[in-house]
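Below is one structure, written out as structure tokens, with a few remarks after it.
Readers should treat all values here as calculations from the given coordinates under stated rules, not as data from a laboratory. Being a predicted model, the structure only gives us computed values, none of them experimental. All Cβ positions, even for glycine, are placed from backbone atoms using ideal geometry, and neighbour counts span all protein chains on display.
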Amino acid sequence: MLAVVFAVMWFAAAGQQPTSPPQSPDPPRRIQPFAEGVRIDWPMLTVEVDAEVVLREGPLELFACSPRTKEHESILVVPARPLHIHQAMGLIGLTPGKPLRFDEEAKQWEQPRGDRVELRVRYTDERGTHIVASQQWVSYAKGPNPVRPTVLDWIFSGSTNLPDGRLAADADGTVACVVDFESALITLSSRHSADNEELWLTANTKEIPPRGTKCTLLIRSEHRPTVELDLVDENTVRYKDQSLGPEQLAKMLLPPPDDPRPARLYIHPAANVSDEAAKAFAEKVTKSGFEGVIETKRRP
């Protein structure tokens, strides 16, 4: 409920009125409208964006673009403003970084950075509703046979602001880019040339539904929501009202069957716990079967 109130406050600050929620006495997962074509699934901390398939074959510069921009090199077109997608991603806890940029002083390109995100697509056909990972709809452009990448390392680069204050992605339509664009809202963590001869991905035609298929672009963190714990002594953390050892903690953080993403864990050592003891506890959690990211940091 707090998150929903926060969303209403965001709209008020921006001088906009939130869209009326769906007329349902009990929405099954409390999916709330945020802006035109954008919704937030609060329990799942996922941004949902209306989209449509516009391309099924050929080399790619983007996975998703705005209307009347780069539909000839993008699988999806997304009517929602990139600015609104950016705002919604911030509300679910994602932090933007910076897209690719050229450092004039160092005379070199800087890698894009930002929180890692996962892009999936939901659509319905005669066989039912499907949710597919973004990499299922692309293949490497080189080679005799289409081969899918194992994963696409998406990051929330956040685009940049133009001199007139507009978000650059609003002007360029660069929603989710697979090659280097300095205005990208979402991009890959590694560099890939936008030169036509160097385009590295192509549409995986057999996996993509027909052009015109209405679908939903799903954006969420690469990790499950962060769990924060207090390390009260060298062998015990406190989580809510529970005292847990490393084995119990690792078991608690096993991924659920419907969400295989790794967990992210912050361990806050108490004043009486040394940095060495905190590191040793984290190692015990990992050895007990935990798969994910562990960071130890003291509370301010």
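Quick look at the values:
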item: Mean Cα-pair separation over length for the stretch 161-234, i.e. relative contact order, pairs under 8 Å, 6 or more apart, %; result: 15 percent
item: Tilt relative to the chain, helix 275-287 - C-alpha long axis, 0 to 90 degrees, to 10; result: 70 degrees
item: D_trans [Stokes-Einstein, Kirkwood Rh over alpha-carbon pairs] for the stretch 111-153, 4 °C, 1.567 mPa s, µm² s⁻¹; result: 103 µm²/s
item: Choice from 204, 235, 272 with maximal GNM fluctuation in the chain (Cα, 10 Å cutoff); result: 272
item: Over the chain: Kirkwood hydrodynamic radius from C-alpha pairwise inverse distances, Å; result: 21.1 Å
item: Neighbourhood charge, 12 Å Cβ-Cβ cut-off, centred on residue 35 and excluding it, Lys, Arg +1 and Asp, Glu -1; result: -1
item: Mean projected area in nm² (Cα convex hull; one quarter of hull surface) for the stretch 227-296; result: 4.3 nm²
item: Helix 2-13 vs. the chain, principal-axis angle (Cα, 0 to 90°, nearest 10); result: 50 degrees
item: Kirkwood Rh in Å, taken over the stretch 181-222 so that all alpha-carbon pairs contribute; result: 13.6 Å
item: The chain: angle of helix 82-91 to the longest principal axis, Cα-based, in degrees nearest 10; result: 10 degrees
item: Largest-first principal axis extents of the Cα set of the stretch 66-113 (Å); result: 38, 32, 14
item: Bridge type composition, the chain - antiparallel percent by DSSP, nearest 5; result: 80 percent
item: Whole-number D in µm²/s for the stretch 169-300 (Stokes-Einstein; Kirkwood sum over Cα pairs; 10 °C, 1.306 mPa s); result: 86 µm²/s
item: Lysine pairs meeting the criterion (Cα under 26 Å, 8 or more apart or interchain), as found in the stretch 33-221; result: 7
item: Contact order normalised by residue count of the chain, Cα under 8 Å, 6+ apart, percent; result: 17 percent
item: Per DSSP, loop GluC sites (Glu not before Pro) in the stretch 36-76 with at most 13 further Cβ within 10 Å; result: 36, 57
item: Loop sites in the stretch 37-134: trypsin sites (Lys or Arg not before Pro), DSSP, at most 11 other Cβ within 10 Å; result: 68, 107, 127
item: Calculated [θ] (222 nm, deg cm²/dmol) that DSSP helices of n ≥ 4 give over the chain, each run adding -39,500 (n - 2.57); result: -4500 deg cm²/dmol
item: Rg followed by Dmax, in Å, when the stretch 35-158 is reduced to its Cα trace; result: 16.1, 56
item: The stretch 164-300 - charge dipole about Cα centre, Lys and Arg +1 at Cβ, Asp and Glu -1, debye rounded to 20; result: 540 debye
